[in-house]
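J.: Let me give you the structure first, and then I'll get to my questions.
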Amino acid sequence: MMALDPKNDDAHRYRAIEYALKNDYQRAASEIDSAIKLDPNDYLNYSTRAQIDFVQKKNPEAIADYDAAIKLQPNNLQLLWRQASVYHLMGDYARGLADCNKMIALDPHSGKGYDCRAGQYQMKGDLKDAAAEVERGQRIAPNNSDLLSDRSVIEQKTGDYDDALRDLNAAIRIDPDNGVALARRGGIYEMKGMYQQAIDDFDRAIRLLPPDEPTYNERAFCHSNLGHYQQALDDLAVAIKLKRDDVGNYGDRANIYFFDLKDYDRALADLNQVIKLDPNDADAYSLRAYVWNQKGDYKRAIEDSDAAIRLDPKGHASYQNRKYAESKLEH
């Protein structure tokens, strides 16, 4: 941690970034608030606070801070891009597109604004418009790796996985440090069962990008399929820390504990958490019944099997779990 000059806003901002990188957002917020009080006219202070808000899913607060930063730096393409990205995630595509249009007006030749617009249309599900934006951008900037990466998303959504992979390979050749393209290519390798290649891409993406829960979850899946169970558990622990209310990460970890490591107590703890977060998750009740059977608690196995059947009457495993538990109780 750098030494702090209490009257230097830059020092407070740097400390805020250091705390944020450690996921200590409370201290990060305190430091960046101090920076803004010391210099309310430094756009970097607002931009930094916006990023701290963003990683905490505080999207309205992030927008307010990006607005403040853009008022101080109205021609800053990076700020407009980041604000458009937040609007993108909020589903406010009109405002996101407005920021993209400003980018094109400020810099019509780099293709960045068209890349921005393509992303907005993709999220709206307007793949035809997204493809048109990519095509416009590529005519202007044929070596823009982000546009090639964007086109790969459109191709994936239409089932053209080989074309998507070809575009991602080209994007990464142009910019080997394009973390988004690497993460996307890792996803295609994962889908194709090329788990080590996927891990290699996810490793590079994680080094290049801010912490991203889906990337850790996907890398965990690849490690698990290769028998790298501890690496998978490590990745799922990070994913859970980044998104504590996502039942998928707890469920994935429960599966590793139960099926691969035979650690029934830890599997049970994760399944309890899944059911706490989503009381209507039939698969979680069914797997927990399986755990209870392995632990010899047949009464609870029947209770969870019944709950799973109520939620999903077609779940064949739940009937098997209940039948097994009943047979054990009869003896």
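J.: Any idea how many residues of segment 207-256 are surrounded by fewer than 22 Cβ atoms within 10 Å (Cβ to Cβ) and of a type in the set (Phe, Trp, Tyr)?
T.: Result for segment 207-256: 2.
J.: Identify, by number, the condition in (1) surrounded by fewer than 21 Cβ atoms within 10 Å (Cβ to Cβ); (2) within 30 Å of ARG244 (Cα to Cα); (3) hydroxyl-bearing (Ser, Thr, Tyr); (4) at pLDDT 95 or above that TYR25 doesn't meet.
T.: For TYR25, the exception is condition (4).
J.: Being among the charged types (D, E, K, R) and farther than 16 Å from TYR46 by Cβ narrows it down to one residue among ASP65, ASP107; which is it?
T.: ASP107 is the lone residue from the list that is among the charged types (D, E, K, R) and farther than 16 Å from TYR46 by Cβ.
J.: So which pairs qualify, if the first residue must be in segment 35-59 and on the phi < 0 side of the Ramachandran plot and hydroxyl-bearing (Ser, Thr, Tyr), the second must be outside any helix (DSSP H, G or I) and at pLDDT 95 or above, the Cβ gap must be under 8 Å, and the two must be at least 6 apart or on different chains?
T.: Listed by first residue and then by second, the contacts come to TYR43/GLN73; TYR43/ASN76.
J.: Among PRO214, PRO210, PRO279, which is out of contact with any Cys (no Cβ under 8 Å at 6 or more places or on another chain), farther than 25 Å from TYR319 by Cβ and not in a helix (DSSP H, G or I)?
T.: PRO210
J.: Within segment 296-312, is there a residue that is surrounded by 20 or more Cβ atoms within 10 Å (Cβ to Cβ), in the same structural domain as ALA269 (by TED's automatic domain parsing) and of a type in the set (Lys, Arg)? I'd like the intermediate steps shown before the answer.
T.: First pass over segment 296-312, keeping only residues surrounded by 20 or more Cβ atoms within 10 Å (Cβ to Cβ): 298, 301-302, 304-305, 307-308.
Applying the additional criterion that residues be in the same structural domain as ALA269 (by TED's automatic domain parsing) yields 298, 301-302, 304-305, 307-308.
Keeping just the survivors that are of a type in the set (Lys, Arg) gives none.
Within segment 296-312, none of the residues are surrounded by 20 or more Cβ atoms within 10 Å (Cβ to Cβ), in the same structural domain as ALA269 (by TED's automatic domain parsing) and of a type in the set (Lys, Arg).
J.: Here's another thing I want to ask about it. Taking ALA11 as the residue in question, decide whether it is within 17 Å of PRO211 (Cβ to Cβ) and buried (at least 16 other Cβ atoms within 10 Å of the Cβ). Before you say what the answer is, go through the steps one by one.
T.: Numbers: within 17 Å of PRO211 (Cβ to Cβ): no; buried (at least 16 other Cβ atoms within 10 Å of the Cβ): yes.
When the stated conditions are applied, ALA11 does not pass them.
J.: Turning to a different aspect of this structure: Report the residue count in segment 105-147 for those that are farther than 23 Å from ASN59 by Cβ, surrounded by fewer than 23 Cβ atoms within 10 Å (Cβ to Cβ) and not hydroxyl-bearing (Ser, Thr, Tyr).
T.: Selection size over segment 105-147: 19.
J.: Right, something else. Among the numbered criteria (1) within 19 Å of the chain's Cα centre (by Cα); (2) under 24 Å from VAL134 (Cβ atoms); (3) part of a helix (DSSP H, G or I); (4) at pLDDT 95 or above, which one does ASP177 miss?
T.: (3)
J.: Can you tell which of ILE174, ILE154, ILE188, ILE140 is at negative phi, in contact with a Pro (Cβ under 8 Å, 6 or more places away or on another chain) and not hydroxyl-bearing (Ser, Thr, Tyr)?
T.: Result of the check over ILE174, ILE154, ILE188, ILE140: ILE140.
The values are calculated or read from the model by the stated rules, or taken from the named source; none is laboratory data. A quick note: this is a predicted structure, and the numbers were derived from the prediction, not measured. Methodologically, a virtual Cβ is constructed for each residue, glycine included, from the backbone with ideal geometry; neighbour enumeration extends over all protein chains shown.
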